[in-house]
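The values are calculated or read from the model by the stated rules, or taken from the named source; none is laboratory data. Keep in mind that what you see is a predicted model, and the values were worked out from it rather than measured. Every residue, glycine among them, receives a Cβ derived from its backbone with ideal geometry; neighbour counts consider all protein chains shown.
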Amino acid sequence: MQYKTEKKAAPGRGEVEVLSATYEEGKPEGEDAGRWRQKLQSREDKLKYLQTAERYWYGKEWFGSEKRKTPA
Amino acid sequence: MAEVVKKSIDQATIEMIAKAKTDECNIVFDRAETTKACPIGAEGSCCSMCAMGPCRVPLPRGKEETPEDKKKRRGVCGATAETIAARNFVRKIAAGTAAHSDHGRRVVSAFLDLAKGKTPGYQIKDEQKLLQLALDMGIKIGDRSNEEIAIELGETLIREFGKQEGELAFLKRAPLKRQELWRKLGVAPRGIDREVVEAMHRTHMGVDQDYQSLLLQGSRTALADGWGGSMIATDLQDIMFGTPSPVASQINLGVLKEDEVNVIIHGHEPQLAEMLAVMSRDPEIVAYAKSKGAKGVNLAGMCCTANEVLMRHGIPIAGNFLQQELSIVTGALEAMVVDVQCIMQSLVSVAQCYHTKIITTDPRAKMEGAMHIEFDDHHAAEGAKAILRVAIDNFPNRKKNVYIPPQKTDLIAGFSHETINYLLGGLFRASYRPLNDNIINGRIRGVAGVVGCSNARVTHDEVQLTMVKELIKNDVLVLQTGCAAMASAKAGLMVPEAASQYAGEGLASVCEAVGIPPVLHMGACIDNSRILIAATAMVKDGGLGDDISDLPVAGAAPEWMSEKAIAIGQYFVASGVFTVFGVTWPTMGSKEVTNYMFKDFEKIYGGMWAFEPDPIKAAQLMIAHIDKKRKALGIDKSRERVLYDMTMRRQLEGA
Ligand code: SF4
C-alpha cells in the first residue's frame, strides 16, 4: 500500500510533513463491494494473517481462555 | 382470502397462493389441508422396522397412562415405546447426517478434480482458506504449489468419510474442554460413514434397545455431520468459490423479470450454480436469449443453493422452501434447475399448469416427468450452457397467465466466521474481542442461531420472524442460515438500518458502530458449521467461560421440517447449545425419552433440547437460558467500564 503524506503547520517548526489517512480510493461496487480477503496478496501475508487474526487456532503464542499449552 | 392469509405472512406468497387457486394448480398449501399429519408417526410411536409390524404404540389420549397401560405399549417384538421413539429419532439423525455428508463427499471429489486440473471451469479462489486447512491437517506448505497442497488436502479429507478408528480431524477445532467431554462420553466420531452405518445398524430390529445408548450413537452421528461432513463441505466450497464477504442483493419472487429468461437454481450443491452464475452472463448466451426476444438471462436461487450463490456472488433469491412451487406459479419461470435435497416432487405437476421446464442434473436425484441433463464438473461450462439454452428456447412458450408479484427486499449477506472476525477488528487486529466485550458489558445480551426450514403445517415465515424480532428486541444478536435466514431477509431484517428499527438499544448501538445488521446471514444449512466455529472463537477469545456450554447462546429451528434439521439440532445440543424446535416434536410418544433429551441432556452435554411451537414463548425460553448463562458467568448485571481518577485510585490502593 502506498502511504500518503500531507503538510501541516506545526507550532514553532513551520510546515512539517506528516502521514495522512491511508485508505483505498473510491467505493467498491457490485460483487466486489465487500471483498476484503483479496487485500492479502502474498502467501506470507496470508499465513501471517492466520497466525494473528485466527490466532485462536493458529497463533503459537496465544492460548485465550483455555490457558493450556498442551493439547487436550 | 382470510383463509389464504393464514398460510403465510409474506405478501408475495399470499398472492401466488391465490393465483395458483385461480389457475387450478394444486400446491403444497392445498395438500397440507387435505393430508393430515399422522398423529402416531408425529410423536415417534410407529415402528416399521420389521415385517411383524408396523407396530403403533401411541400414548393414550385424554388420560394419564397407568403402569399397566405402559407395559402394554410394546411392539410385537417387545420393543418399548422408549426404544421405538429413540430409534426413530436416531434414524432421522442418520438420514440428515448422510445428506449433508454425501454433499460433503461430492465437494471433496470436485475439489480433488480441480486440484488435478481435470475441471477447467473451476479454480482455487481462496488460497488463504487452503493454507488454513493445510495447517489444520498438518499438510506441509513450504513453497509447494496450491494444487499440490490441494491434492494432499483432498486425499486426506476424503479419508475422513471412510475412517474406521481414531477421531475426525476437525474435532480439534472445538474448545479443549468440549473435546475432552466428547472423548469421556464416547461420542467423538471416528469416521463419517462409519457413524451413519452404525446408527442404521443399531436401530435395526433387535439390536440396541436402550434408549440412552441409542441416543449416544445419535450424538456421535450428528457430530460427524456438524464437525465432519458439513464442515468439510463449507470449507472446501470456500476454497473453490471464495469465502463469503458482505454482499448486497435482493430477495423474494419479485426478483423474477418479465422481459428476461428466468432460471431458478434450486437444491444444495453449489458447483452447477457457480457455473450457471458465470454462464448466464456469457455474451454468447445473452445473444441467444436476445434472439428469442428476451433482454437476457435472469438467474435466481431457491433454498440453500440460493444461499451459496447469494453469499458469494450476490445472485438474488426468489424464495425459501415453501415458495419453490410458487415461483412456477408466476408463469414467468422458463426453467427450474434442481440437484439434491428439499426438491418437492410436485414441481413436475405444478410445471404442467404453466410452461416451466424442470431439469434434474444429479444422477442421485431424478424425477419422473422431468428433463434430465446430467451435470458433469469436467465439462461444467458446456453443461451450464446446455441447460441455459433449454431455458432460453422455452421463453417463447410463456402462456398468458404471467404475474410476478412486485415484492423484493434488499439484504446484505456474506457473514462467514472469517468476515465477522474481520469486521469486528479490522485487517490488522481481527478479533471476536469486541463481541465478547459487548456481551460482558451487557449491550449484547447473547447470541442466538435461528436456522432451519419452512413448514406448511405452520404459517409460513411467521413463526421464525416473530421469534427473531423478539430476540433482537431483547438485545440478542441473531445468526441465521438456510430458509430461516430468508424469512428474515424478506422482512427487511438483514440490512444495517434494521438495527435502529427493530433491535434493542444495546444491540442497535453495537450494530451501528460496526455497520452490521442485527441479524447476520451466515449461509446455507451446511454452513451451520460456521456457527460452531463462531461459538468456538467466542470461547477461545476469553471472558465467557471455557466451553460452548458456558456461553450465553441458544439455538432454534422454529419452522423445521427436514431430517437434516434434526441432525443439526443434535450436533448443536451435543456441542453444548440449548436448542428449541417448533412445529412438532418427534419423541412425544415417550415421556421418558423426551424428558431425557429436554432435561438430563443438560447434565450430560451442557446443552439440551426443548419444544415450543409458540415463537414468543420459545424466544423467551432462549432468553431465559442466555440469562442463566450470564448469571453463571457473573455478568448478569450490565456494567459500564469505570474510569478511575487519582482519588479513586488512592482509595483502592489504601483499601
Ligand atoms: S421391530 Fe418390533 S416394534 Fe418394530 S415393527 Fe417389528 S415387531 Fe413392531
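Residues in the range B:29-59 that are in contact with a strand residue (DSSP E or B) (Cβ under 9 Å, 6 or more places away or on another chain) and among the β-branched types (Val, Ile, Thr): B:ILE40, B:VAL57. Restricting attention to the range B:188-227, which residues are closer than 13 Å to B:PHE89 by Cα, away from the ligand (no atom under 16 Å from the Cβ) and part of a loop (DSSP other than H, G, I, E, B)? Selection gives nothing.
Among the residues making up the range B:164-178, those that are buried (at least 18 other Cβ atoms within 10 Å of the Cβ) and of a type in the set (Lys, Arg) are B:ARG173, B:LYS177, B:ARG178. Any residue at all in the range B:234-253 that's closer than 30 Å to B:PRO54 by Cβ, touching a residue at least 24 places away in the same chain (Cβ under 8 Å) and not in a helix (DSSP H, G or I)? No, there is no match, as no residue in the range B:234-253 is closer than 30 Å to B:PRO54 by Cβ, touching a residue at least 24 places away in the same chain (Cβ under 8 Å) and not in a helix (DSSP H, G or I).
The residue of the range B:122-172 that is nearest to B:PHE111 (Cα to Cα), among those that are assigned to a helix (DSSP H, G or I), within 12 Å of chain A (Cβ to nearest Cβ) and among the acidic types (Asp, Glu), is B:GLU127.
Once the range B:444-461 is narrowed to residues that are of a type in the set (D, E, K, R) and buried (at least 20 other Cβ atoms within 10 Å of the Cβ), the residue that is farthest from B:GLY582 (Cα to Cα) is B:ARG445. Which members of the range B:381-437 meet the condition of being part of a strand (DSSP E or B) and of a type in the set (D, E, K, R)? B:ASP410, the sole residue that qualifies. Within the range B:241-267, the set of residues being farther than 14 Å from B:GLY319 by Cα and modelled with pLDDT under 95 comprises B:PHE241, B:GLY242, B:THR243, B:PRO244, B:SER245, B:PRO246, B:VAL247, B:ALA248.
The single condition among (1) touching a helix residue (DSSP H, G or I) at 6+ places or on another chain (Cβ under 8 Å); (2) in contact (Cβ under 8 Å) with a residue 40 or more places away in the chain; (3) surrounded by fewer than 24 Cβ atoms within 10 Å (Cβ to Cβ) that B:GLY226 does not satisfy is (3). Take the residues of the range B:31-86 that are within 16 Å of the ligand (Cβ to nearest atom) and of a type in the set (Ser, Thr, Tyr): which is nearest to the other protein chains (Cβ to nearest Cβ)? Going through the qualifying residues, I end up with B:THR83. Condition check: closer than 27 Å to B:GLU308 by Cα and surrounded by fewer than 22 Cβ atoms within 10 Å (Cβ to Cβ). Does B:THR481 satisfy that? Criteria not met by B:THR481. Out of (1) surrounded by fewer than 20 Cβ atoms within 10 Å (Cβ to Cβ); (2) touching a residue at least 24 places away in the same chain (Cβ under 8 Å); (3) more than 20 Å from B:SER500 (Cβ to Cβ), what's the single condition that is false for B:ARG429? B:ARG429 satisfies every listed condition except (2). Filtered by the rule that a residue be more than 9 Å from chain A (Cβ to nearest Cβ) and part of a loop (DSSP other than H, G, I, E, B), the range B:513-550 gives B:GLY515, B:ILE516, B:PRO517, B:PRO518, B:MET522, B:GLY523, B:ALA524, B:ASP547.
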